[in-house]
Each structure stands twice: as C-alpha cells, then as structure tokens.
C-alpha cells in the first residue's frame, strides 16, 4: 500500500508500523467517576469494521509522525491521511 | 538480453547452410523457426548428452531429439510428456543444474537452453523408463479423490511412526541438494506511468503508443523473446512475418529512453495501489551468473496505470488415457513447429472443438509433417486440406507404451477407427489469462460467445485489460485494444497520446463449441495431470457432496501445485457444473492468488540470508572485545560480549565466576551501550515523563537519576530503566535493550496522540553514546584517574543516584551517572560513540593497578540475580508492579499510562505472585530456571501450582545456585521450604524461599 503522508508525500506502507483503531487517541480521564470502566472499554472494545476505518500508523522508518489513516479495510483504498497530532487537538486533547 | 537472441528471427538457421547438419540426431527438427541454427548447444537429460540450438527451451530441444517422456506423475507415477509450450506446463518438471544450484520443479517449457545445461527427471526410481512406484497406478482405485482423508486414519498410533514417514517420502516431486546456493538474488524498486504486462500484439502496441507519447513505460514478459503468440503463428502483420514486426517494434522501443523493456520477467502479483511484484530471471539462461550479477531480481513496480496483456492459455479435452507422452495442446504443437522448428513426432493427429485447432494441422502440413487425422467434435467442422477430417468424431482412447502410438476414434456414424500418430494436438478452446485481474477483488464473468471467463468485477486499482486476456482473440482486435488501452490509461494521467497506426492483421472470429470431456470409456480421463485428477475424481467429489469449486479443489487437489491448474481448472468446474445441473458461471472459479507462476525462495529472501538475514549491531567496544578473545552473544540485533576467557580457563563458568568475584572485590567494566537511550527535552519534559512512568518524576531534582517503571495501559509492567535530569527541561531516559524501539514508539504516541500540546521533544540517541558500567569497590578510584580533575566525584560531591555532564581524558565531553545494576559502588559513563573504543582502552589502562576486569553479559546477569533486579525474564508480559514487589511505587496521585487499570481487582489478589529468591536446601543442587513451584508436600499439578522460577545462576559469592521467581504470597513465605519441579524431565529440587536480594540487601555497597 501507499500512504500519502501529509508532510512527505506518498510513502510505501513498509516504512510504517501499524497500531490500530484511531479511537486510541480518546484516552479517558483518569479522574472520571467510572474511570476503570472507561479505560476497560478504551483498551479492549474496538470496532473491526469491514469498510471505512480510521487507524493509527507510525512512520517509524521515516519522520516518526503518527498518522491517522482513513482506510477502507475491504478495498484498501486510503481516503484521507492526517497528522495524528492535529486529529488529537481537534478532538480536544491538549496536555 | 543478448542481441543474438533478439535477432534470432532474421538470422534463422540458414546461416549454417545445411539442413542435414542442422538436423544431426535431432530427428524431429524442422526447417525455419526462430532458433539460431548456427550455434549448437550441448546439454544433458538424465545424464545423456543431446544437442540443441540457441533459442531452444529444454522442452523444444528434447522434442527435437525425439524425447517425449519427460517425467512421472505425482500420485500414480504415470509416464508423462510435455503438454504445453509455456509457463502453464503441468508435466515436464525437471531438476535443473546440480549441487548448490540444483533447482527442483522447473518447467522444461520455460527453461532456456544453454551450453552445458544439466537436467534430470523427477519422481522416478530407478529411472524414468522403469519407475518402481508406477505400481501405484495399479492401485489407483484406492488413491482416488479424498484418499488422504479416508486412508491413514486407523489405528491412530500408526500415524506418527508409519503413515507420516511414508507419505512424506512419497510426497513432493523434485529434490534439493541441501547445499548452499552460491548465487546472489536482489530486490529492486521501479516506478512508471504505465506498466504493460505481456508483449504480444496488445502489449507491444500499448508500449509503442505510450512510449511515443513520452510516458515512463515498463513492458515485461515472462518469455525471453518478445512477441507472445506472434512468434508461434504463421500469420503476418502488414507485409511482415509476425516475428519480423515484433523486431521492428522492439527496435523502436529500445531507442526510447522512457521505455524499459524487461524480457524474462514474470509479473507475479497485483497488489494494492498499483504495486506489482515481478521476478526477473537475470542469469537462469546461462551456466552461472556473471561475477557480481544476481541470478534473479525481485522487483516491486510502482505503476500509475497498468495494462494487462497477458494473452490466453489453451485448455485440453479430457478423454481416456489422454496423458500419454505425445498428447499435447494444439497451440503448443504449433508453437514448437513455427518458433522452434520442432515437431513432437513425424506423424501427428489433431483433436479439436474449434477453428483454432485447424491452424495446427495447416501449419504442420506446411512444414512437411504428416497429419494423420483431424478429429473435430463439431459435425459442421470446416474443411481441411492435406489431411483426413473426421467431423463429429471423438477420441475415445489412446495406446502406446511410454508414448503415444495410436488413437481410437468414435466416428460420427458410431464406428470406431484407430489412427496411428506419435503426437495428438488437442484444442478445447482458449481461456483468457485473467489471473492478475483477480488478485484484489475481481471475479471473472462468463462469455458465452467464446465459451470462456473474461475479466470482470473490481479490477486492481488502475488496471485495464487488452487483447486475448480480455477475450479479444484475433490479432487485429488485440493490436487495436493495446493501442486504445494505452491512450485511455495515459489520458487518465493527463498525458495526451496518439494511438499507434494499426497494422493490417488477421481478424478471424472465434468459432468454438464447448466440449470438455469425452463421456465414453471406463478408464481414467485426466483433467489435472500434475495432480493426477481425473474426470472420475470430480464425479466422486460431487457424489460425496464436495460441490463448491473451493471444496472440489481441496478434496481432489485439482488445480493445486506449481501450475495452479492453468490448463485444468476450467475442465473440472465445467464438469462439476454439468453434474450439478448448473450453468458454468453459477459454479464460478476458485480464487486466483499470487504468485502467477512459482517463485524461488532465493529471490524472496534476496540478500537477507545467513549473516545478512538482519542487521548486526556492534557495540563501540566490539573491536577491543574481539582482541580480548571474548565470546559474543546475539541480543536482539546486537552482538554483545558474553564473557572474556583468560588463558587456562576451560569452562565458561570459570571465566564468569572470575569476572563476578573480581568486580565485587575490586572493579569490573562492562559495555552497556545497547540499552536504549532517549533524549527528552522541553518545558514539559518532567510532566511528560510523569505520564510515562508509573512512579513520580515531576519533582526529580536536576543532577539526579531515578529508577522508573513503565506500565502498559492494561497495568502490566513492560519496561524499566532510569531517567537522569540534566536540566529543568532536559532528561536522558534509558530503556532495556530489547524494548528500545517499543518504548520510543510508545513515547511518541503519547506525545503526539495523547498530549499534543505538551512542549516536549524526543530523540533516540542509543547509537549516539557509548556507555560503560564501572562497578566495584575501586570504581571511584579508577574513574578519578580518567575524569578531569575539576569534577568532584567523591561520595559527597557525587552521591548515589547523581548524574552530571563532565569531561574525561583532558576535555572529552562525557556524562556520568552513579547508578548500579550490579549492586556495587558503580557508575555508568558515556561519551560520544566515536570515543567509545578509546575510553574503554583508557579505563582498562587506568584499572590495571586494581586488576580491573572486563565483564560480559553472563557476569552482568549473575550479579543482577544476586541483587534480585528484574530483567526480561521477570518483565515477561504477565507481571505487574505488585508482582515485582514495586506495587507501592505506582503513584495513585497522578495520571500515568497503566495506573488506572493496574488497580483492577484481579491484579491485586491477596494471593498474588511476588518476586522472591530461592536457594537449594542441598547446596550442591541446581535451581533450574523455568521450574514450577509446588508446596513441600502434596500433588504436583497445575491446580496446586505456586509459581515459577524466572532466572537462575550459580552465585560465586554464595557458592551455590540461586534463583529468583514468582511465588504466591512469596513475600510472606520467607524461610519456607518448597519444591521446584520440572515434570517434563522428572526433576524435583527442594528450595528455600529467601529474599531476592542475596548480596548486600541493605544496599550499603552502592552508597559507599
């Protein structure tokens, strides 16, 4: 596969390490009342869709950016590629 | 590609002037062809010497020499000859070459002849003509479809000792030499606008059109000659012969710098996003690769557009005993005659259900070969000149020992007739080569008018198909489709191309009446000759309800092995459709998967073999350690010194014990560069590390080091190390050697995905710094001789867990850490990697007066076990901070990775495993690592398991074996005597539970 890196352009997927569902960005608040349940769901309950999937890829053999790649798991078509940092900020993460 | 072969078409054999000389003992050699008759090549088959010509394949040369018998079938060991003239060949598989270069299961039809080629037949003993295992053929009733599943079942005890060895011995075709392959294989990457797969009329027109438009073009063909069927047919293009037109196009392509022509290159798979795999056979056609050249190259081709022009494969008709050597595909017989000037025999009959078969008869007659009959299943078959036609007739049986002698016909009027012939050219129609179109999600569709599957569904991204591969079987249609396909593909890319002028060519319609198998006869009619699958086997599969094509394939093995059923699948599924009362498209095809043709393991491995299998990382002290005669051990990719033997030491334990004792008594030095190092900088560096480590880091003072434990988000401990604070906004973190990459990856994940606004930057500096542990009571005295005098490293000035930036040896930049893995007064000193070797030599020189020793990973391990320090064996992916005795370190006052889930009930059980030490009750006993712990009395079972020993060593300090490990409620059981058991080996040792801190439990030495 070829991943169109937002900074570096098209790169072979061999340069990347795959992590999984981009929902891993949404790490729960440790002080929430039901933090243990939230962390459980965060860690163990993932969707495994046949179709569009937002997932995390690490450009380990490259610039070390974490990317959020929206990929169709059936066709392997890649729809968007974003810097995970931008996605995380957009989802309200900060420090 | 050599010019000689490219030009073979025009040179032809006339150069040598004499038909007689050319023929020699090549009894079946004809006139003409694209071989170079002036150059005789000598080769051997099963030890016998033969002659052939440049441009021959092994198969064409053997046929020329009158050799029809080329192999034995897989299951029944039936004598077999060549069926085809290309990569679809199921029968003529041979072992090529010998010694380290021996290669089994290579197809004689694609093996290019060279002088000195050595080939041997396979799957026969003692010889091809007299094969002992041919007895299997007599027992064929027991070896039908599914025999694997029905036989060898009982008694169960027979499986391992009797059935399996017999099956293993009988299975497989060729053999390997077990010698190392002396040749190199490479991998490479190519990029293009348009990849053209196949160089027949479509492919050449596409390449020409795209090449002239200035696009970056790659045209690849598995053959060593470009041209595809144009080399095998007699019809011309414009006023040229097909092969002469090919040469003309090839000359133009060669002159275009933007076109890369790749003969001998098989496209083996269509992968995601326009990426194709290709194998180029660089040196399979010569005796040995030229110096410095690889035998083969595995290419990864990145294409913007691809045009599949892979042609079509002829399919046979099944009838009784249709597997005798001499029964061949009609298109192959024609190719041998026209391209290689060879006939399989001097008298040939033709059996066909379509007009194309008649071309074989006409071409052979034109070459002076006697055609004894043309048998056409169609009552309305077209007329034939020069041979007797049997319209509406079928071949119902064949005779001949080790080769065809006669065929028996059932005539239209019901009579039988025996026709003598040494070869039978069979045509059941042509199947477009749709394989690559299906490598993603394409599923072919049935086209009634040509009685064949054509590409359909979702093709691989940006692939289009032209010519026979798309069901356009006439030359004119193929030429047009190639040119138009290239224009369309380039137009997608914004390149304006003009279709090359279409030359005049034949445009015959396809005229075929589907005919899959002859129903008459009780004997076996072969579908898949490679796997010995017959029409009967398909019927049996149907009867036993294995009716889906995928079941049919696996139950009967139809279409498996090296040819992947290129000539047999279609017949099998047509018969299944008939039996199931379905239409062929309802039955469908099995999945086509890469590779298109077999690929050698060598080219898959490329250069990654032996020592080059993965990178070897050497420590900065490697050279010095080699000079000392160190034994090395692989630790991940690293080579580390394991111990340093001294003269007179005959056992590794002597060396290791000495290294441990000398370190504990005076001073020892160890290269610890392999530990991961991560430089953490930024205003939020401390806050960031506070998130990474389970224990608190925010308040670590500048100039201090702290031990840190990292958890996974599920609360399991996964790495430990130290973080040294050199400035408010600057830390240096160490990780274990094994997890250096993972910890860095996880830290980047946290930095970018979880805490994107933290002001923190990370760099992996593992390779940037050489680091040595200097440990033992004399460590400070030794270092004081090396560290520049303005730096105070006294116990007061530089206490336990201090760190600082210093200089050594008169100004060399260095970092000093007062940390101890050995439990001794110890330091770790780091210098830029390029000074590592010099620093070590200086340290050893300075240490001479103390008898300083270098120590390796074994002594390091012994000392850490003596101190009860956890390492990889203890951080084994199942243990928590609580198990490790560090439960209280996990801060509950902050957020860090893993702390929330580490509080789960199941991880905090009252009877949790705790890290403790073990000593044998009988001091002479070993403490075997991996042993399970059981109470002093009672049964030994999983239910009574109390824990396990993770690490063990002989402690030269204590004079006995010791171990550490996890024991239920271990911290409350000190002094108890329990059993360490190894039920697999029937061993049991009594051990006493002790503190894991065997040496200096109060930690006085490291603070001294």
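Among the residues of the stretch B:101-120, those that are within 15 Å of residue B:44 (Cα to Cα) and not in a strand (DSSP E or B) comprise B:102, B:108, B:111, B:113, B:114, B:115, B:116. Beta carbons closer than 9 Å, at least 6 apart along the sequence or on distinct chains, pair a first residue in the stretch A:25-50 that is away from chain B (no Cβ under 11 Å) and touching a residue at least 24 places away in the same chain (Cβ under 8 Å) with a second that is in a helix (DSSP H, G or I) and surrounded by 13 or more Cβ atoms within 10 Å (Cβ to Cβ) for A:46/A:23; A:46/A:24; A:47/A:23.
In the set B:64, B:108, only one residue is without any contact (Cβ under 8 Å) to a residue 60 or more places away in the chain and closer than 20 Å to residue B:337 by Cβ; that residue is B:108. Would you be able to say whether some residue in the stretch B:80-95 is surrounded by fewer than 24 Cβ atoms within 10 Å (Cβ to Cβ) and over 22 Å from residue B:331 (Cβ atoms)? Within the stretch B:80-95 (the criterion being surrounded by fewer than 24 Cβ atoms within 10 Å (Cβ to Cβ) and over 22 Å from residue B:331 (Cβ atoms)), the answer is yes, since at least one residue qualifies.
Here residue B:676 does not fit the description of being touching a strand residue (DSSP E or B) at 6+ places or on another chain (Cβ under 6 Å), modelled with pLDDT of 95 or more and at positive phi. Being in a loop (DSSP other than H, G, I, E, B) and closer than 30 Å to residue B:380 by Cα is the requirement here; does residue B:476 meet it? It is false that residue B:476 is in a loop (DSSP other than H, G, I, E, B) and closer than 30 Å to residue B:380 by Cα.
Among the residues of the stretch B:35-61, those that are more than 16 Å from residue B:116 (Cβ to Cβ) and surrounded by 24 or more Cβ atoms within 10 Å (Cβ to Cβ) comprise B:35, B:37, B:55, B:59, B:60.
Every residue, every condition in (1) in contact with a helix residue (DSSP H, G or I) (Cβ under 8 Å, 6 or more places away or on another chain); (2) within 14 Å of chain A (Cβ to nearest Cβ); (3) at pLDDT 95 or above, yes or no:
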| site | (1), (2), (3) |
| --- | --- |
| B:763 | no, yes, yes |
| B:770 | yes, no, yes |
| B:788 | no, no, yes |
| B:791 | no, no, yes |
| B:798 | no, no, yes |
| B:802 | no, no, yes |
| B:806 | no, no, yes |
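Looking at B:959, B:963, B:938, B:986, which is the one that is surrounded by fewer than 19 Cβ atoms within 10 Å (Cβ to Cβ) and in contact (Cβ under 8 Å) with a residue 12 or more places away in the chain?
B:959
Quick one: would you say residue A:19 is facing chain B (nearest Cβ under 8 Å) and assigned to a strand (DSSP E or B)? Yes: the conditions hold for residue A:19. Taken over the stretch B:471-486, the residue count meeting the criterion of being touching a residue at least 24 places away in the same chain (Cβ under 8 Å) and surrounded by fewer than 20 Cβ atoms within 10 Å (Cβ to Cβ) is 2. For the stretch A:51-60, the set of residues classified as in a loop (DSSP other than H, G, I, E, B) and in contact (Cβ under 8 Å) with a residue 40 or more places away in the chain consists of A:59, A:60, listed by residue number.
Looking at the stretch B:772-786 only, could you name the residues that are out of contact with any helix residue (DSSP H, G or I) (no Cβ under 7 Å at 6 or more places or on another chain) and in a strand (DSSP E or B)? Hit for the stretch B:772-786 is B:773, nothing else. Restricting the stretch A:1-10 to residues that are part of a strand (DSSP E or B) and under 19 Å from residue B:749 (Cβ atoms), the residue that is farthest from the other protein chains (Cβ to nearest Cβ) is A:5. Checking each residue in the stretch B:752-768 for being within 39 Å of the chain's Cα centre (by Cα) and under 24 Å from residue B:895 (Cα atoms) picks out B:752, B:753, B:754, B:761, B:762, B:763. Please work out which residue is surrounded by the fewest Cβ atoms within 10 Å (Cβ to Cβ), limiting yourself to the stretch B:442-470 and to residues that are part of a loop (DSSP other than H, G, I, E, B), more than 14 Å from every other protein chain (Cβ to nearest Cβ) and free of Cβ contacts under 8 Å to residues at least 40 places away in the same chain. Ranking the candidates gives B:448 first. Selection over the stretch B:248-273 of residues that are touching a helix residue (DSSP H, G or I) at 6+ places or on another chain (Cβ under 8 Å) and under 23 Å from residue B:284 (Cα atoms) gives a count of 4. Looking only at residues of the stretch A:60-86 that are touching a helix residue (DSSP H, G or I) at 6+ places or on another chain (Cβ under 7 Å) and more than 8 Å from every other protein chain (Cβ to nearest Cβ), we find that the one that is farthest from residue A:5 (Cα to Cα) is A:61.
Scanning the stretch B:611-641 for residues that are more than 15 Å from the chain's Cα centre (by Cα), more than 22 Å from residue B:855 (Cβ to Cβ) and assigned to a helix (DSSP H, G or I) yields a total of 2. Considering only the stretch B:403-414, I want to know if a residue exists there that is part of a strand (DSSP E or B) and within 43 Å of the chain's Cα centre (by Cα). Checking the stretch B:403-414: not a single residue is part of a strand (DSSP E or B) and within 43 Å of the chain's Cα centre (by Cα). For the stretch B:845-870, taking the residues that are under 14 Å from residue B:997 (Cα atoms) and in a loop (DSSP other than H, G, I, E, B), the one that is nearest to the chain's Cα centre (by Cα) is identified as B:870.
Would you check if residue B:257 is under 25 Å from the mean Cα position of the chain (by Cα) and at negative phi? Give the derivation first.
Values: under 25 Å from the mean Cα position of the chain (by Cα): no; at negative phi: yes.
Here the answer is no, as residue B:257 does not meet what is asked.
The values are calculated or read from the model by the stated rules, or taken from the named source; none is laboratory data. Keep in mind it's a predicted model, so treat the numbers as computed, not measured. Cβ atoms come from the backbone with ideal geometry, glycine included; neighbour counts cover every protein chain shown.
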